[in-house]
1. Taking only the C-alpha atoms, wrap a convex hull around region 59-144 and report its volume per residue in Å³ as a whole number.
2. DSSP loop GluC sites (Glu not before Pro) in region 140-224 with at most 11 other Cβ atoms within 10 Å of their Cβ, which ones?
3. So if I average 1/r over every pair of distinct C-alpha atoms in the chain and take the inverse, what Kirkwood radius in Å does that give?
4. Over all directions, what mean area does the Cα convex hull of region 17-79 project, stated in square nanometres?
5. So, R0 is 30 Å and r is the distance between the beta-carbons of Arg105 and Gln53; what FRET efficiency does that work out to, to 0.05?
6. Region 4-24 to region 82-101: how many Å between their Cα centroids?
7. With a 10 Å radius around each residue's Cβ, average the other Cβ atoms per peptide and rank 95-102, 41-48, highest first.
8. Using only the alpha carbons of region 79-216, what is the convex hull's orientation-averaged projected area in square nanometres?
Amino acid sequence: MGQKVNPIAFRTGVMQGWKSRWFASKKDFSDLLFEDQRIRKFIGGHPDEKIRQKYRNAGIDRIEIDRTRDEVKVTLFVARPGLIIGQKGQEVEKLQEELQNLVGRRINMKIEEIGRPELRAQLVAEDIADQLAKRSSFRRTMKRALESTMEAGARGIKVQLAGRLGGAEMARREKAIQGSIPLSTIRAKIDYGFTEAKTAQGHIGVQVWINNGFYEENESDVANAAEGQAPKKSKKAYKR
């Protein structure tokens, strides 16, 4: 039987860093863990529908949290930072105040721009979900996502949809793969994203896996892959 595991969790602590970085005693650990969860849920599912949609359009890939004794540093990795920053940084300050009221601690917000959203699995999944919600053909949408990601410089991509595809009476799964996706290879730089498309017939689950190369490669090659450039082929020296 195949044992399915989240590729990011599989590599966290081995090849990847943690999304939350702090230390706490046993007594405080659970409270701080739930506090992190509240921060992530508040940003991802803001109570104001318009602001929630604006954050979704901004393309938030991931949220990283660092804690010191005095403050909580929240870093958002965003494809379109202008939508969150707003005019003269007013929107960021407003979000910062809301988070401070939510957790009762001093919050330090930081916005980082993502150079190539086509190589981020979560953003690709959200883009597919938005297209499905607009009644686009799921096969055409999957094909377009595969092509754009491979053109951006990825080694491979896999997309899987599950639900009432095309308004069918019975739910089913459809998947498309292009390139190489070595999920069991820990040194493979696999990015994973999941979201749900809200359609008139029901929710459709969208899963995306993207292969961005290997961790052991030269740092320049890994940086090129993150920016959407194919890594340069090294010239092998042969001894006679």
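Bear in mind that the values in this text are calculations on the coordinates, not laboratory data. The structure displayed is predicted, hence computed values, not measured ones. Cβ atoms come from the backbone with ideal geometry, glycine included; neighbour counts cover every protein chain shown.
1. Details: hull volume 9.9 nm³, N = 86.
Spelled out: Cα convex hull of region 59-144, divided by residues, is 115 Å³.
2. Values: sites: Glu147, Glu151, Glu169, Glu174, Glu196, Glu216, Glu217, Glu219; in loops: Glu169, Glu216, Glu217.
Here the GluC sites (Glu not before Pro) that fit, given the DSSP loop and packing criteria, are Glu169, Glu216.
3. Details: mean 1/r = 0.0506 Å⁻¹.
So the Kirkwood estimate lands at 19.7 Å.
4. Working: hull surface 19.5 nm².
Approximately 4.9 nm², given one-decimal rounding.
5. Once rounded, the FRET efficiency stands at 0.65.
6. Here the answer is 28 Å between Cα centres.
7. Working: 95-102: 15.5, 41-48: 12.9.
Top to bottom by mean Cβ count within 10 Å: 95-102, 41-48.
8. Values: hull surface 44.6 nm².
Projected over every direction and averaged, the Cα hull of region 79-216 covers 11.1 nm².
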